[in-house]
Amino acid sequence: MAKNRVKNWQIQRDMPYPYEDVRPAKQFAAIFDINKCIACQTCTMACKHTWTTGKGQEYMFWNNVETKPYGFYPLAWDVKMLELLGPQKWEGKVYKGKTIFEAAPKGQVAQGYIPEERDWAHPNIGEDEPYGAIDKGDYITSPHKVWHFYLPRICNHCTYPACLGACPRKAIYKREEDGIVLVDQNRCRGYRECVRACPYKKVLFNNTTRIAEKCIACYPLIEQGQQTQCVTTCIGRIRLNGWIHTPDKADPSNPLDYLVHIKKVALPLYPQFGLEPNIYYIPPIHISAPYTKQMFGPGVEQAVSAYRNAHNDEALLGVLTLFGSTEFWVSKFKISKDTATGYDDKGKELVKVPMREPIFIRPFFDEKLQVYRHNIT
Amino acid sequence: MKTRIQNSESRSQNSGYTAHIPPQIPPPRRGRAREGVKVFAFCYLFCILILLMVGVAYSQGLVVMAKKVSGELPLDPAHGLWKGPATLEIPLAPQVMAKPRTYESPIKNLRVRALHNSTEIAFLVEWDDQTEDSSLDLNKFSDAVALEFPSASAAAKPHFAMGDRENTVNIWTWKATWQTASDSEKMYASVDDFVGGVLADNPISKPRKSPIENIIAQGFGSATDMEKSEIQNIAGNSKWESKKWSVVFRRALTSPDKFDVSFKEGGVTPIAFAVWNGSDGDRGGRKVVSTWYYVGLETEEKKTIYIYPVIAFIVSAGLVAGLIFLIRKRRGA
């Protein structure tokens, strides 16, 4: 196999990949705001009911929400991958350790493993288990001494998918029109090289159809200008779909480019794997930095401080209010007079959201009704 | 030659192993005649032995002879007819040409036998395997074996590893999990309409009618199921017993599809092998393979051709033995 080298902006260097550096015309992406996720699993069930109700899909959650640090689906997936990868050293924003392609064992495309059946059996294992112990006399500080957070996950529709690179049959492809990564259900022969290679463990084997399946980014919705099921059903409004560009082509009026490249408030998940994943996370602001740095790379502190300052940052606040405000695909945004407006690909207005809700203060005692109020705002 | 024999005899006389040598020294004239016969017999036997060894080595090393029989060819690996044909042992080596590669495997060889009845051909392939891997699971893989032949359309002998762009190969793949699936009446109840692989018409996903898949390929990663050609007509059966797989493949000698292999009575066709060990995670390119061998189909006429040298050998060997006996007897008298 030719030794191609590709540019990965998330680790700020070149790296080997089985195929040439060809980016799609548009790249599907999403931002998940971890600070707002309550692990209600509405996204999980929306996805489950839409896509994985069939035989052989019983154990599948293309979308899942796990508690970190002790929750996993499949069991210990990231801990195992990090261990297989070896030391992961960053020098500034440049990753000096090995990507999964560089750490590939002899004769293989990528480093990886196939989870066992029982590893998938408890999708909500470790739920709400916090890290750390409470000492006598402890009180809440920030970052929290005892912490956990929820990590919602779908396929990252990576720029350099390991599943695609590892498939010996070229049964996995990345769509030119939107960068969505799909398993050709007709071509797949069930070798599970993709299951082994995907470090996020988001390609799953269907034992009934004997082939691999994965998140399809709800492409039938996207093709109609709509956001995915997991995004639009999110009751916490933590998610936003959109197109993402490379940093050099970042468009300040594109909500995703703005949050990822300009404000640098959203970060990729485990960028050190080297896949250039396209689901970005606003890291949890109350959590010990070493853990989140390992998970989201060296941009964590900058992201947290930008997010903490959002109430002073009109544009940032505006984009964040667009999360969950429309089921349509927001390609551009504008901020004016305390209002954030979202537009589609053709510039048509989709939604107008007030950035601050008006506040009404009512008297504690209502003279007319002769009652006291518990809630006056 | 004469001198050498004499020399060797004199050496043996000096070496102490002389007890069996008759004490009388034969008269010179007679002795010379006896020496001549001995030399002739020795040379004759030596030459026959060499020829036989070469012949055996050649046929055992490269050609699977399909024995011609009458009647139906057995699908049962334990059928008595399988005692007839000669067994050819094929060494297998890990596949290291394309990623993902394999470097180690406990499967080192397989044994193959073949039968034909002028309309059908059957192969019995056997190999040692400590575990029976015949159930599919998220991280479990199937034991499997494949026979590879050049397609009828191939102009030249294809590359042994999955064929090449110009020359297609025809591969018959048996999988233990497919045996299990095809043996059970209902693979799964179709209660849900949404079964991706089935809707996408993927032959891997559909209920299996046979444990054997008819494949064509033009290089690594190009294996294509010929299910749609409607002539997926290879019958198969298998048995795992005493840590050994026995798999039978059976098909008509000829096929109307140009991508299938066609056999001819009296003809010779290249054949190559691959084995997958499920418990080692073997699948796809992770396998042990052989290079090209040949399968030859016995004919009626050829059978007699094979018998003549044997008869000639027996007759001449008998003549020589008789001659030696006569001379000895005359000498002893």
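Things to note:
- The criterion of at least 3 residues that are surrounded by fewer than 22 Cβ atoms within 10 Å (Cβ to Cβ) is met, among helices (runs of 4 or more DSSP H) falling completely within segment A:157-225, by A:219-222.
- Residues in segment B:214-248 that are in contact with a helix residue (DSSP H, G or I) (Cβ under 7 Å, 6 or more places away or on another chain) and within 14 Å of chain A (Cβ to nearest Cβ): 0 in all.
- Candidates are the residues of segment B:110-149 that are outside any strand (DSSP E or B) and more than 27 Å from A:Tyr113 (Cβ to Cβ); the one that is farthest from the other protein chains (Cβ to nearest Cβ) is B:Ser118.
- Test: residue in segment A:304-319 that is touching a residue at least 60 places away in the same chain (Cβ under 8 Å) and farther than 30 Å from A:Phe101 by Cα: yes
- Matching residues in segment A:83-129 - criterion: being of a type in the set (Gly, Ala, Ser), within 14 Å of chain B (Cβ to nearest Cβ) and without any contact (Cβ under 8 Å) to a residue 40 or more places away in the chain: A:Ala104, A:Gly107
- The residues listed here are A:Glu66, A:Glu20, A:Glu58; of these, the one that is among the acidic types (Asp, Glu), buried (at least 16 other Cβ atoms within 10 Å of the Cβ) and farther than 19 Å from A:Gln272 by Cα is A:Glu66.
- Single unsatisfied condition, B:Val169 versus (1) surrounded by fewer than 16 Cβ atoms within 10 Å (Cβ to Cβ); (2) more than 9 Å from chain A (Cβ to nearest Cβ): (1)
- When the residues of segment B:186-213 are filtered to those that are at pLDDT below 90 and more than 10 Å from chain A (Cβ to nearest Cβ), the one that is nearest to B:Phe149 (Cα to Cα) is B:Ser210.
- Any chance A:Tyr19 is at pLDDT 95 or above, within 14 Å of chain B (Cβ to nearest Cβ) and more than 30 Å from A:Glu102 (Cα to Cα): no
- Filter result for A:Asp119 (outside any loop (DSSP other than H, G, I, E, B) and farther than 23 Å from A:Gln302 by Cα): yes
- The condition (being farther than 24 Å from A:Ile154 by Cβ, in contact (Cβ under 8 Å) with a residue 60 or more places away in the chain, touching a strand residue (DSSP E or B) at 6+ places or on another chain (Cβ under 7 Å) and not basic (Lys, Arg)) is satisfied by just one residue among A:Ser288, A:Ser331: A:Ser288.
The values are calculated or read from the model by the stated rules, or taken from the named source; none is laboratory data. All figures in this text were calculated on a predicted structure; none of them were measured in a lab. Methodologically, a virtual Cβ is constructed for each residue, glycine included, from the backbone with ideal geometry; neighbour enumeration extends over all protein chains shown.
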